[in-house]
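**Q** The structure's right below; bear with me while I get my questions together.
The values are calculated or read from the model by the stated rules, or taken from the named source; none is laboratory data. Predicted, not measured: the structure shown is a model, and the values here were computed from it. The accessibility values were calculated without ligands, DNA or RNA, using every heavy atom of the protein model including side chains. Shrake-Rupley method; radii C 1.70, N 1.55, O 1.52, S 1.80 Å.
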Amino acid sequence: MIYSKTTPIKHDKFKSDMYHTNMKCRLFILFTVLGFSFQTLYSQVLPYSENLLVEADSKTQLDNNQTAVVLRTDRRKAAVHLNGTYKGITPLAVTNLAPGYYFLRIEKNGFETIEKYIKVEAGISSSFYFTLEELPEDL
């Protein structure tokens with residue numbers, strides 16, 4: 001058995017985590033050598049959990065298969081990340097994304113972080129509005 005500070009960790013669990021990390025590294029190298037980007041592959045895969053997929057509040061048709069995502073929150077200046085890449089602060093419009101699914105993370109100090117998947121469609125501008133919940137104050 002391998003022990004952390006006070007909680008025992010079974011060796012099998014540790015070995016399993018190492019195996020998955022090793023496989024992710026090997027896949028990254030393989031896809032890089034073959035000329036694929038993880039962002040392209042990642043955005044084409046249906047989200048693991050359907051309940052994390054959020055529908056757009058409104059959609060508008062665009063010309064020439066362009067894409068746009070408009071992100072707004074009830075609190076201004078929340079940081080926005082798409083697939084782990086910082087894009088700016090709300091309110092925010094992101095254009096020229098490849099169609100597919102994107103992992104969205106919105107965070108602001110003092111508020112709960114929002115983590116959802118959004119779908120970007122060719123020829124569509126999608127608008128999303130999120131309400132940030134305040135974190136409880138420690139007494």
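**Q** Give me the extension gain from ALA98 to ASP138: residue separation times 0.36 nm, minus the current Cα-Cα distance, reported in nm with one decimal.
**A** Fully extending the segment from ALA98 to ASP138 adds 10.2 nm.
**Q** Another question, then. Using the Kirkwood radius built from alpha carbon pairs, what does the Stokes-Einstein equation give as D for region 91-139 at 25 °C and 0.890 mPa s, in µm² per second? Mind showing how you got there, number by number?
**A** On the way: Rh = 12.8 Å.
D, rounded to a whole number, is 191 µm²/s.
**Q** On a full-extension model of 0.36 nm per residue, what is the gain between GLU115 and ASP57, subtracting their alpha-carbon distance, rounded to one decimal in nm?
**A** Numbers: separation 58, 0.36 × 58 = 20.88 nm, distance 1.67 nm.
Full extension from GLU115 to ASP57 adds 19.2 nm.
**Q** Keeping all protein chains in the complex and leaving out DNA, RNA and ligands, what accessible area do you get for SER58 with a 1.4 Å probe, in Å² to the nearest 10?
**A** 60
**Q** Once phi is turned into ³J(HN,Hα) by the Karplus curve 6.51 cos²θ - 1.76 cosθ + 1.60 with θ = phi - 60°, what whole-Hz value does each residue of region 69-79 show in order, with x for glycine and proline?
**A** Taking θ as phi minus 60°, the curve returns 10, 10, 10, 10, 10, 6, 10, 6, 6, 8, 6 Hz for region 69-79.
**Q** Further, regarding this structure: For region 70-127, what's the relative contact order in percent, using C-alpha pairs closer than 8 Å and at least 6 residues apart?
**A** On the way: 100 pairs, mean separation 18.8, N = 58.
Reported as a whole number, the value is 32 percent.
**Q** Using bins 5 angstrom wide from zero, how does P(r) for region 62-128 break down, in % of all Cα pairs?
**A** Answer for region 62-128: a P(r) of 4, 17, 30, 24, 14, 7, 2, 1, 0 percent.
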